[in-house]
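First comes the structure, then the notes that go with it.
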Amino acid sequence: MTSHSKIEQAALQLFGERGYDSTSTLLIAKGAGVSEALLFKYFLSKEKLFEYLIKQGFRRIVEANRGILTEKNPRVLVENVIDLPYKLVHDEPDFWKMQDKEFNRPLVQKYFQRFMSPIDSLLKQAFTDLGTPSPDMTTQLLLLLIQSLWRNLLYEHDPNLQQLGAHLKRTYLQGVSAAK
């Protein structure tokens, strides 16, 4: 593993555990097993490192989940969106903890909105195609539930959370013809 990668991993973990303000560059460097000077050589500042982590994290997540945005079957799209928090937290727990801890930062909000915006409109269209009453409100409610599920998956180890996705699928697709 390169020094650059070690710094990234240490920063993700520390920002996720302690938050940006409570994490010094010295602490990150120690966690990565490198000098603070090397950290500054690669990233110039703690702020630049944080920006890099947010941009790269969302880039990886968008690439890894591009397929759900191209799903044509509205029923499968809804199921995929419900499965998304499980996949995201499993694949990148440190990134999502950091993102959650620092959600009040404009940069984080900007990238999160970019990520969620197409999902919002695709869900509305899927619920419209499925003949769901009030597709806008149904989408909003489902996204709120998914956000809550995602945050709980980050911090709680309740086995019932794993079953909640299946329940959401049954609830949101109940009465919808499988042929649609």
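The values are calculated or read from the model by the stated rules, or taken from the named source; none is laboratory data. Bear in mind that the values here come from a model prediction, so they are computed numbers and not experimental data. Note that each Cβ is placed from the backbone with ideal geometry, even for glycine, and that neighbours are counted across all protein chains shown. Just the protein is used for accessible areas: all its heavy atoms, side chains included, with ligands, DNA and RNA removed. Shrake-Rupley method; radii C 1.70, N 1.55, O 1.52, S 1.80 Å.
The figures follow:
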{"read-out": "Residue that is surrounded by the fewest Cβ atoms within 10 Å (Cβ to Cβ), among those in the range 150-169 that are in contact (Cβ under 8 Å) with a residue 60 or more places away in the chain and either in a loop (DSSP other than H, G, I, E, B) or over 18 Å from the mean Cα position of the chain (by Cα) (or both)", "value": "K169"}
{"read-out": "Count of the range 99-115 residues which are within 10 Å of the chain's Cα centre (by Cα) and closer than 13 Å to Q13 by Cα", "value": "2"}
{"read-out": "Unique residue being farther than 30 Å from L168 by Cα, of a type in the set (A, V, I, L, M, F, W, C) and either outside any helix (DSSP H, G or I) or modelled with pLDDT under 95 (or both) when the list is V89, V81, V34", "value": "V34"}
{"read-out": "Filtered residues of the range 94-125 (kept if open to solvent by 40 Å² or more (accessible area, probe 1.4 Å) and assigned to a loop (DSSP other than H, G, I, E, B))", "value": "F103, N104, R105"}
{"read-out": "Search result, residues across the range 1-30 that are within 25 Å of V89 (Cβ to Cβ), open to solvent by 60 Å² or more (accessible area, probe 1.4 Å) and either touching a Phe, Trp or Tyr at 6+ places or on another chain (Cβ under 7 Å) or part of a helix (DSSP H, G or I) (or both)", "value": "K6, Q9, Q13, E17, R18"}
{"read-out": "G19 being without any contact (Cβ under 8 Å) to a residue 24 or more places away in the chain and of a type in the set (G, A, S)", "value": "no"}
{"read-out": "Residues of the range 130-149 satisfying the condition of being crowded, with 17+ Cβ neighbours inside 10 Å and either within 14 Å of the chain's Cα centre (by Cα) or of a type in the set (D, E) (or both)", "value": "I146, L149"}
{"read-out": "Every pair of residues 6+ apart whose Cβ atoms lie under 7 Å, when the first sits in the range 97-115 and is under 11 Å from F58 (Cα atoms) while the second is open to solvent by less than 30 Å² (accessible area, probe 1.4 Å) and charged (D, E, K, R)", "value": "V108/E102"}
{"read-out": "Boolean, I54 is open to solvent by less than 20 Å² (accessible area, probe 1.4 Å), assigned to a helix (DSSP H, G or I) and within 18 Å of Q9 (Cβ to Cβ)", "value": "yes"}
{"read-out": "Residue that is open to solvent by 70 Å² or more (accessible area, probe 1.4 Å), under 28 Å from Q9 (Cα atoms) and within 17 Å of the chain's Cα centre (by Cα), where the choices are D83, D91", "value": "D91"}
{"read-out": "All positions within the range 59-114 that are within 24 Å of L161 (Cβ to Cβ) and among the polar types (S, T, N, Q)", "value": "N65, N80, Q99"}
{"read-out": "Test: residue in the range 31-41 that is within 19 Å of V108 (Cα to Cα) and touching a residue at least 12 places away in the same chain (Cβ under 8 Å)", "value": "no"}
